[in-house]
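Colleague: Mind having a look at this structure? Questions to follow.
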Amino acid sequence: MEKFERLLLAEEAEAESRLAEHREGISEVRAARSDASADDEHDPEGPTMTQEWSQRSAVLADAEHELADVRRALARLAEGSYGVCERCGKAITVARLEARPTATLCIDCARLITH
Ligand SMILES: [Zn+2]
């Protein structure tokens with residue numbers, strides 16, 4: 001399982017830096033947006049800003065979600081329940097974990113839940 005710990009730690013670092021980057025981007029948009037609305041509510045830049053804002057928020061939410069998943073997986077690794085299906089208690093295959101290190105369900109349960 002050491003291999004997965006390395007993998008997850010790398011993913012955690014990656015997600016953290018992505019999150020920091022997006023947070024920075026969001027405060028820039030926020031600053032630009034409040035400038036624009038102070039000037040004129042019907043600023044032609046308005047809709048574009050809003051669009052960019054919601055795009056960035058979505059990306060940020062994704063990154064936060066991913067980071068939470070990775071941290072949960074690391075916690076499971078620490079307590080020894082990593083790689084065990086949360087639903088049926090069977091081992092999740094290594095191939096599946098390699099493809100998706102944050103998987104908490106075996107392939108059969110994941111199929112049951114998503115279909
Ligand atoms: Zn299962």
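The values are calculated or read from the model by the stated rules, or taken from the named source; none is laboratory data. If you're wondering where the values come from, they're calculated on a predicted model, not measured in any experiment. In this analysis, Cβ positions are derived from the backbone assuming ideal geometry, glycine residues included, and neighbour counts consider all displayed protein chains. Surface accessibility is based on the protein's heavy atoms, side chains included, excluding ligands, DNA and RNA. Shrake-Rupley method; radii C 1.70, N 1.55, O 1.52, S 1.80 Å.
Colleague: Looking at segment 95-105, which of its residues are in a helix (DSSP H, G or I) and away from the ligand (no atom under 11 Å from the Cβ)?
Modeller: Ala95, Leu97, Glu98, Ala99
Colleague: Let me ask you something else. If I ask for residues that are more than 8 Å from the ligand (Cβ to nearest atom) and open to solvent by 70 Å² or more (accessible area, probe 1.4 Å), which ones from segment 80-94 would you list?
Modeller: Ala91, Thr93, Val94
Colleague: Identify the single condition in (1) loosely packed, with under 14 Cβ neighbours inside 10 Å; (2) of a type outside the set (Gly, Ala, Ser); (3) away from the ligand (no atom under 16 Å from the Cβ); (4) at pLDDT below 90 that Val29 does not satisfy, given that it satisfies every other one.
Modeller: (1)
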